[in-house]
1. How many residues does the stretch 233-263 hold that are of a type in the set (A, V, I, L, M), farther than 16 Å from THR72 by Cα and under 24 Å from the mean Cα position of the chain (by Cα)?
2. Could you identify the single residue in TYR266, TYR230 that is at pLDDT 95 or above, more than 16 Å from LEU73 (Cα to Cα), touching an Asp or Glu at 6+ places or on another chain (Cβ under 8 Å) and of a type outside the set (Val, Ile, Thr)?
3. When you check THR38 against the structure, is it of a type in the set (S, T, N, Q), assigned to a loop (DSSP other than H, G, I, E, B) and either touching a Cys at 6+ places or on another chain (Cβ under 6 Å) or at pLDDT below 95 (or both), yes or no?
4. Hey, does the stretch 101-112 have a residue that's touching a residue at least 12 places away in the same chain (Cβ under 8 Å), in contact with a helix residue (DSSP H, G or I) (Cβ under 8 Å, 6 or more places away or on another chain) and assigned to a loop (DSSP other than H, G, I, E, B)?
5. Select, from GLY234, GLY184, GLY216, the only residue that is without any contact (Cβ under 8 Å) to a residue 12 or more places away in the chain and assigned by TED's automatic domain parsing to the domain that holds ARG142.
6. Could you look through the stretch 231-272, keep only residues that are assigned to a loop (DSSP other than H, G, I, E, B) and of a type in the set (S, T, N, Q), and pick out the one that is surrounded by the most Cβ atoms within 10 Å (Cβ to Cβ)?
7. Of these, LEU140, LEU174, LEU144, which one is touching a helix residue (DSSP H, G or I) at 6+ places or on another chain (Cβ under 6 Å) and surrounded by 14 or more Cβ atoms within 10 Å (Cβ to Cβ)?
8. For the stretch 237-265, which positions are of a type in the set (Ser, Thr, Tyr) and touching a residue at least 12 places away in the same chain (Cβ under 8 Å)?
Amino acid sequence: MYGVPAGEAGSHATAMLDEVYAGPLELGTRRLVADYATAELVKSAANSFLATKISFINAMAEVCDAAGADVTLLADAIGMDDRIGRKFLNAGIGFGGGCLPKDIRAFMARAGELGADQALTFLREVDDINLRRRIRVVELTRQLVGGSLLGKRITVLGVAFKPNSDDVRDSPALSIAAQLQLQGADVTVTDPEALANAKGRFPELTYEPDFDAAVGKANALLVLTEWDKYRSLGPAELATRVASKNILDGRNVLDPGQWRAAGWNYQGIGRP
């Protein structure tokens, strides 16, 4: 989608852009012509909606924890409603990256400049819910290792803000790793692609590219980025490498029954 002014100049700009994007348009890419004011709002509005959806399901995870319910089943159920949909209803450690956090804050600021700040006050809670997830994961990790983080060896599996990326901008996983370290844990971080960027942000953490070395003698494993290699981890094989069979599934991508059957103390997000 692109924005053009009204009148003859707008028609000319539309024709030029249609020529530039002729290939994608011929493949069926949808295009919408809009005025500048509308076009300028689209990206911020879209990202704010996605952020709201993610924070909503994370808020539901908090309620599920209190009620003893399973947020993954809750998401499946409400996702059956076509008006809601299942995408972006995965509870976890919250969103990060260079778009969603920045865009919702910028959108609130822009609304204030326009005199419409009251319209977006709900985004403050969206942001707060997202940041609370990081604190919650630290507390769950503390509980997982017996109530104290001091001297506990914690291995963080994944610090990119999403899989198949080396991007650690506003990464909730990296923030959690740093908070654990500040509270006395001995934190080792591993990730298939993001270690160099993560080390540039938090050099005080221990970074280990070799997976086997990273998990060795760990008191707890934290799956914080849903890389395929972490989704497919085998509980029986890992049990022989760690010091304590504790695992926190920060993305709800593991099978709780499988891990618990193998003797692991499994902790998910919003799962009983």
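1. 2
2. It is TYR266.
3. When the stated conditions are applied, THR38 does not pass them.
4. The first filter runs over the stretch 101-112 and keeps only residues touching a residue at least 12 places away in the same chain (Cβ under 8 Å), leaving 101-108, 110.
Filter once more, keeping what is in contact with a helix residue (DSSP H, G or I) (Cβ under 8 Å, 6 or more places away or on another chain): 101, 103-108, 110.
Remaining after also requiring assigned to a loop (DSSP other than H, G, I, E, B): none.
No, the conditions are met nowhere in the stretch 101-112.
5. On the way: GLY184 fails: without any contact (Cβ under 8 Å) to a residue 12 or more places away in the chain; GLY216 fails: without any contact (Cβ under 8 Å) to a residue 12 or more places away in the chain.
Only one candidate qualifies: GLY234.
6. It comes out as ASN252.
7. Numbers: LEU140 fails: touching a helix residue (DSSP H, G or I) at 6+ places or on another chain (Cβ under 6 Å); LEU144 fails: touching a helix residue (DSSP H, G or I) at 6+ places or on another chain (Cβ under 6 Å).
On inspection, the qualifying residue turns out to be LEU174.
8. As a first pass, look at the stretch 237-265 and keep what is of a type in the set (Ser, Thr, Tyr): 240, 244.
Selection gives SER244 alone.
The values are calculated or read from the model by the stated rules, or taken from the named source; none is laboratory data. Worth saying up front: this structure is predicted, and the values here are computed from it rather than measured. Note that we place each Cβ from the backbone using ideal geometry, even for glycine, and neighbour counts take in every protein chain shown.
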